[in-house]
Amino acid sequence: MEHKGLCILAVPVLIPVSQPPRFPPLTYGAIAADPGAGKHRHGIIVATSIAGSFVACAVLCTAILAYRRYRKKAPVPKHVSPKLSWTKSLNRFDSNSSIARMINGGDKLLTSVSQFIDKPIIFREEEIMEATMNLDEQCKLGSSYYRANLEREVFAVKPAKGNVAGELRMMQMVNHANLTKLAGISIGADGDYAFLVYEFAEKGSLDKWLYQKPPCSQPSSSSVATLSWDQRLGIALDVANGLLYLHEHTQPSMVHGDVRARNILLTAGFRAKLSNFSLAKPAATVDAAATSSDVFAFGLLLLELLSGRRAVEARVGVEIGMLRTEIRTVLDAGGDKRAAKLRKWMDPTLGGEYGVDAALSLAGMARACTEEDAARRPKMAEIAFSLSVLGQPLSVADAFERLWQPSSEDSIGIGNEVAAR
């Protein structure tokens, strides 16, 4: 029996059951997983997480710093005493006062001092008079200054007549450790005088230490009645550095114009500061001729430091003593007579506590500074260098202290050449 073209179709048959069947879990890998590979993947995940944390922290810190840097802060006003503030002081003056007229344009000083607005420079005249006990002699600090207690601080006050705008401008243009800093100003009731308020120098002006003993009533006075040799040498160097700054490190170059003992203030440590810029002015040129007047005055100051006397003083009858003439007589003496004459000429209060060779060097420097021919006077750079060397230990200074001595023209020339370098 033949079966041709037989085709059997499979038809699913549904069988009812009481519960669904349970199948074993599916296996996705034909090969068992390697335990080392799992640990490796776990390490990668941990490392990635740590790195991401560091990156997130870095981004957060950068965002915080950028925010702090670029956010706009409200200006924090500095604490300024109302008695020192120009703008706050305006409210206390009526429209008819001299200061109000000056500020409102009624005084010629306004144009010159307009750059000082919002700076602590204004005191009332009543405050100055009260602080100085009406300019009492007990408050005097030398020939030109008075001790003043203002706002629980101590200042040096200098009365000044006429227009002080020039001095104010000069004080704002300079900044040096050996130049006195201006702290304030007070304009008189009539506007024809003023009080310039400077930083306080505890030892007062140099003239009181050279020409007379410091007053015992001065609270800051030392028990020492005279200046030692080292202190005098340090004062000379400080003044030279101040003048060097004015001559060669300001634009334009400036001339002080009034270098003298009463315009040199001394701090508690006997550091010297030049003051009184009422005659200061820009120099036309930067060469020695433009600043030679300051060099000449500095030479006179050296002579006063050496002798303890004024550069020019009246004597018996009509005779006038001039230190610059006397020192030439001393230095022109030959041999041992020169040293003997110098000891006799020097300030007796030093008691011989100085080196004769160093004193001769300073005397020679003073003579060079006070030459009649301005072109022959040394520059302040040369002077400051020589003084700084003299202030070094003896082993260093011995090689230089004879350079200014008038033993020969060659030695002075060598000193000038070395200093110029």
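No lab work stands behind these numbers, since they all come straight from the coordinates. Since the model is a prediction, treat every value here as computed from it, not as a measurement. So basically every Cβ, Gly included, is an ideal-geometry build from the backbone, and we count neighbours across all protein chains shown.
Relative to the current alpha-carbon distance between Ile45 and Glu372, full extension at 0.36 nm per residue lengthens the span by 108.6 nm. Peptides 192-202, 171-181 ranked from most to least packed, by the mean per-residue count of other Cβ atoms within 10 Å: 192-202, 171-181. Projected label points at Lys161 and Asp192, each 7 Å from Cα along the beta carbon direction, are separated by 0.9 nanometres. 3J(HN,Hα) along the stretch 257-271, derived from phi through the Karplus expression 6.51 cos²θ - 1.76 cosθ + 1.60 where θ = phi - 60°, amounts to x, 8, 7, 7, 4, 6, 9, 10, 9, 10, 7, 4, x, 6, 8 Hz, with x in place of Gly and Pro. Compute the FRET efficiency between Leu279 and Thr62 as 1/(1 + (r/R0)^6), taking r as their Cβ-Cβ distance and R0 = 35 Å, and round to the nearest 0.05. So, using R0 = 35 Å, E works out to roughly 0.05.
Between Ser143 and Glu126, the distance separating the two model label sites (each 7 Å from Cα on the Cα→Cβ line) works out to 3.5 nm.
For the stretch 319-391, what Kirkwood radius comes out of the mean inverse Cα-Cα distance, in Å? Don't skip to the answer; put the middle values down first.
On the way: mean 1/r = 0.0747 Å⁻¹.
In the stretch 319-391 this quantity evaluates to 13.4 Å.
If you take all other residues with their beta carbon under 14 Å from the beta carbon of Asp238, and give Lys and Arg +1 and Asp and Glu -1, the sum is +3.
How much FRET efficiency would the formula 1/(1 + (r/R0)^6) give for Phe54 and Glu153, where r is the Cβ-Cβ distance and R0 is 51 Å, rounded to 0.05?
Taking R0 as 51 Å, the efficiency between Phe54 and Glu153 is 0.45.
Site pair Gln172 and Glu326 shows an inter-label distance of 4.4 nm when each label is modelled 7 Å from Cα along Cα→Cβ.
Hey, with R₀ at 35 Å, roughly what FRET efficiency would Lys344 and Lys181 work out to, going by the Cβ-Cβ distance, to 0.05?
Numbers: r = 41 Å, r/R0 = 1.17.
That pair, Lys344 with Lys181, gives E of 0.30.
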